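The values are calculated or read from the model by the stated rules, or taken from the named source; none is laboratory data. No experiment lies behind these values; they were computed from the predicted model shown. Neighbour counts are summed over all protein chains in view; Cβ atoms, including those assigned to glycine, are modelled from backbone coordinates with ideal geometry.
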Amino acid sequence: MLQRFLQPSVLASVSSLELIARTVVDGFVSGLHESPDFGFSQEFAEYRQYTPGDDLRHVDWNVYARSERMVLKRFRGETNSPVMVLLDASNSMKMACHSVSKIDYARYVAASIMYLAATRQRDACGLLLFDDEIRNFVPPSTRQGQLNRLLHALENAEPGARTDFAKPFAHCMEFLRRRGLVVLVSDFLSDPETIVQTVAPLRYRGNEVILLQVLDPQEVKPKFGEPVILIDMETGDSLEVTPEYAQMEYPEKMKRHLETLEQKARGAGLDYHLMITDRPLDDTLRQYLAIRQGRF
């Protein structure tokens, strides 16, 4: 039943982004009660790594017994870390070879993360929408109505222009005064080294940074029965592609691109997760919780 509610094709039939987020998060969190790795109680918020000088009474000795890692339980009222979601709303995110486009899948992911952070962890959440410019910016906040503002901004995000990571990250460097979690949702169809060099300075300031790469199944393993003309949705350039190229050479190039991006991201201390738009959302939410609970 849980998998059904997490299926993108099912979510696409729901008109309200808030209902989508609530359905995904509530169903997902209910499933975590039986998990030995994750869980929520009425008060528990997250784990934090032990540092010398911390009160040993707050150490979770059960975690220490299993993993020999000293972590402290933190409870609601003790933590209000900003969670900033940066969403790529460039033209390439319009691609859809099945019932859910990349931009819609990215909306589901962003909405679910913000709903989980705001309602379950009481974190200050913010949103930045961008293409080659900053299209909308909602600063992190816990004030009343913030979740509605965030979801409204997501619902009105329309893809346009080309991707440029420089401006949104310069904006974040300027306005994010407190250390927290930065989640970047994009298809990352750019040079991996340039992406990581642009994003990495946020990590150096003490933020946790997650790169969530959203791709359509056809972008990973295209299937063509005859030669086709592909048009770049951002530049307008066209390219004729044969079935042989699509089946043999292209998948290897994409595999190298994905491996390079993940390798360079992790080498810079950034977390990375690949999402295909026909897959359920539970893996993404588990990735988010793993970061918040310090389970690397």
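A few comments on the model shown:
- The selection criterion, being closer than 19 Å to R22 by Cα, in contact with a Cys (Cβ under 9 Å, 6 or more places away or on another chain) and aliphatic (A, V, I, L, M), holds for L147.
Here's the yes/no breakdown for (1) at pLDDT below 95; (2) farther than 30 Å from P222 by Cα; (3) buried (at least 24 other Cβ atoms within 10 Å of the Cβ):
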residue	(1), (2), (3)
P82	yes, yes, no
M95	yes, no, no
M114	yes, yes, yes
A117	yes, yes, yes
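- From the list I113, I103, the one residue that fits, being closer than 22 Å to D26 by Cα, assigned to a helix (DSSP H, G or I), touching a residue at least 12 places away in the same chain (Cβ under 8 Å) and under 13 Å from the mean Cα position of the chain (by Cα), is I113.
- Checking segment 246-255 against the condition returns a match, with at least one residue being crowded, with 16+ Cβ neighbours inside 10 Å, in the same structural domain as T119 (by TED's automatic domain parsing) and at pLDDT below 90.
- Which listed residue, of F165, F188, F175, is free of Cβ contacts under 8 Å to residues at least 60 places away in the same chain, assigned by TED's automatic domain parsing to the domain that holds D216, of a type in the set (F, W, Y) and within 19 Å of K102 (Cβ to Cβ): F165
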